[in-house]
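Worksheet: one structure, shown below.
Readers should treat all values here as calculations from the given coordinates under stated rules, not as data from a laboratory. Since the model is a prediction, treat every value here as computed from it, not as a measurement. Here the Cβ positions follow ideal geometry from the backbone for every residue, glycine too, while neighbour counts run over all protein chains shown.
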């Protein structure tokens, strides 16, 4: 007999234990759900019932799938390449601003000393 957890795992979910109330879905499951409603043209309500998920969640997945295609849903803890670049540039900008502040303070210090 299939328990609710076994059925859930069979449908692409990742069971995290009894304490975990939120359901987690694999990247493949989300992509397949997105393809189901975009490429195969299945109505969102029907697809949501068959996949046992809320239609609003399927709307969100569909939107992400249409925007990013196969690169959508990179997984937990993995950022999209452009976000990695933004983070790197933000860190670099912060470092350069700190260096500029140090140079300004040093310039003011040496300007006072030479007077």
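Take the Cα of residue 102, step 7 Å toward its Cβ, do the same at residue 32, and the gap between the two points is 5.3 nm. Once the Cβ-Cβ distance between residue 92 and residue 71 is put in as r, and R0 is 35 Å, what FRET efficiency do you end up with, to the nearest 0.05? Efficiency computed from Cβ-Cβ geometry: 0.90.
Ranked by the mean number of other Cβ atoms within 10 Å per residue, highest first, peptides 24-31, 37-44 order as 24-31, 37-44. Summary of packing: across the peptides 58-69, 93-104, the per-residue average of other C-beta atoms within 10 Å ranks them, highest first, as 58-69, 93-104. Please work out the FRET efficiency for the pair residue 39 and residue 84, using the Cβ-Cβ distance as r and a Förster radius of 30 Å; give the result to the nearest 0.05. The value I calculate is 0.60.
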